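Below is one structure, written out as structure tokens, with a few remarks after it.
The values are calculated or read from the model by the stated rules, or taken from the named source; none is laboratory data. Keep in mind it's a predicted model, so treat the numbers as computed, not measured. Cβ atoms come from the backbone with ideal geometry, glycine included; neighbour counts cover every protein chain shown.
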Amino acid sequence: MRRLTGHDLWTVYRLQRRGVRLDLKGSVIRPAAPLALAFASLLPVWGQRVETVVLRRKERGKREAGFVQARWRTGQPVLDVTFIAPSLDVQHGAAWLWQSMLQELVRGGGEQGAQRIFTHLPESRPAEVEVMRQAGFALYGQDRLYRFTPPAAGESSGSKGMPVHWQAQRPEDEWGLQKLYTEITPAVVQQAENWGQVGNGSTTHVGWWGGPRRGSYVLRAEDEIYGYLRITPGERGHWLKLVLHPEISQDGETLLKEAMIFFTNLPRRPIFCDVRGYEGYLTDGLERCGFRRVMTRLLLVRHTTVPIREPARRLIPAFEVETAPTVSTSRGEAFGHWFEETPGCLR
């Protein structure tokens, strides 16, 4: 993708209030205007790589322009579409601009090594979803976004004590997290999120976990991983990522209450939590703990390389991702025994 010019930056400035923001998490954690991201991406000291594609054309004497932005995921050959302008609501014919800009993003991203390009769109925006699909993006799942509004100052949040079951993530948990991901994630989602193999032959996914860092925890027992938790503080709100094995779903509310304790030392801001469609067993616990559903988002992916498919495996329609995966009962039984014997259990 070509380097941005002053004319390009002016286009971004002019259109940034007329576009669609697709990166809700980024808007909550570290909000930044598209122009600021475009400027910052030109600096070698900038910690994040952001691609901005600007398109201008003259059609029947009328000038039209648009831009799309995408952010590279750290250490992965993956781009996330974060912003696109103009929105379909404010400009007639914007669908053509969207398709052309997305195609250029796919081409340029592929040349720079991107293997997957992801985006999230509200289920309530079918026109935008259709344009994305026409640009080659495929629906592979959905998630539900929940929001928790903390009580006013002086009121009790109900989150007290110290977490008993959640332990800090360690490097050696990687294998257990890979196993947990494989067991609870439908094949169609794994196929979308798989971008190759590492040196030891294991599959590499762009899943919900990363390496150990401050705010990442696991549910560990008998050398198995039964859950994952990540707390991400933000400027406008905080983000909670909670993953549990289905066999321990009956303990979800208790484990969520423990997780909420980690927020007590953070600024009082809304807490957001995204739950994949096939993790519906988490929603009752979230709602009992005060989370309220905000929206349903559709998850789309564009392959910049031809995905490898296994001939013997039946292709799964996109809407089958809601089906609960088959899991091993022995894992749940083992964890249940450990949970009962752990001091401080809230059950």
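The table for this structure:
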{"item": "Options Glu247, Glu253, Glu279: the member that is outside any strand (DSSP E or B), in contact with a Lys or Arg (Cβ under 8 Å, 6 or more places away or on another chain) and under 28 Å from Tyr140 (Cβ atoms)", "result": "Glu247"}
{"item": "Checklist (1) surrounded by 18 or more Cβ atoms within 10 Å (Cβ to Cβ); (2) without any contact (Cβ under 8 Å) to a residue 40 or more places away in the chain applied to Thr5, failing item", "result": "(1)"}
{"item": "Subset of region 28-81 (residues that are of a type in the set (Phe, Trp, Tyr) and under 19 Å from Gly109 (Cβ atoms))", "result": "Trp46, Phe67, Trp72"}
{"item": "Qualifying residue in region 39-49 (condition: touching a strand residue (DSSP E or B) at 6+ places or on another chain (Cβ under 9 Å), among the small types (Gly, Ala, Ser) and modelled with pLDDT of 90 or more)", "result": "no"}
{"item": "Residue list for region 19-32, filter: basic (Lys, Arg) and either at pLDDT 95 or above or under 13 Å from Gln69 (Cα atoms) (or both)", "result": "Arg21"}
{"item": "Extreme residue, nearest to Tyr278 (Cα to Cα), among residues of region 245-256 that are in contact (Cβ under 8 Å) with a residue 60 or more places away in the chain and surrounded by 19 or more Cβ atoms within 10 Å (Cβ to Cβ)", "result": "Pro246"}
{"item": "Selection count where residues are within 14 Å of Glu51 (Cα to Cα) and buried (at least 17 other Cβ atoms within 10 Å of the Cβ), scope region 105-115", "result": "6"}
{"item": "Search result, residues across region 75-94 that are out of contact with any Lys or Arg (no Cβ under 8 Å at 6 or more places or on another chain) and touching a residue at least 12 places away in the same chain (Cβ under 8 Å)", "result": "Gln76, Val81, Ile84, Leu88, Gly93, Ala94"}
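For (1) in a loop (DSSP other than H, G, I, E, B); (2) touching a helix residue (DSSP H, G or I) at 6+ places or on another chain (Cβ under 9 Å), each residue gets a yes or a no:
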site	(1), (2)
Arg57	no, yes
Glu64	no, yes
Val68	no, yes
Arg71	no, yes
Leu79	no, yes
Ser87	yes, yes
Leu97	no, no
Gly108	no, no
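Residues checked against (1) buried (at least 21 other Cβ atoms within 10 Å of the Cβ); (2) in contact with a Phe, Trp or Tyr (Cβ under 6 Å, 6 or more places away or on another chain):
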{"residue": "Gly210", "(1), (2)": "no, no"}
{"residue": "Arg213", "(1), (2)": "no, no"}
{"residue": "Leu219", "(1), (2)": "yes, yes"}
{"residue": "Glu222", "(1), (2)": "no, no"}
{"residue": "Tyr226", "(1), (2)": "yes, yes"}
{"residue": "Leu229", "(1), (2)": "yes, yes"}
{"residue": "Thr232", "(1), (2)": "no, yes"}
{"residue": "Arg236", "(1), (2)": "no, no"}
{"residue": "Val243", "(1), (2)": "yes, yes"}
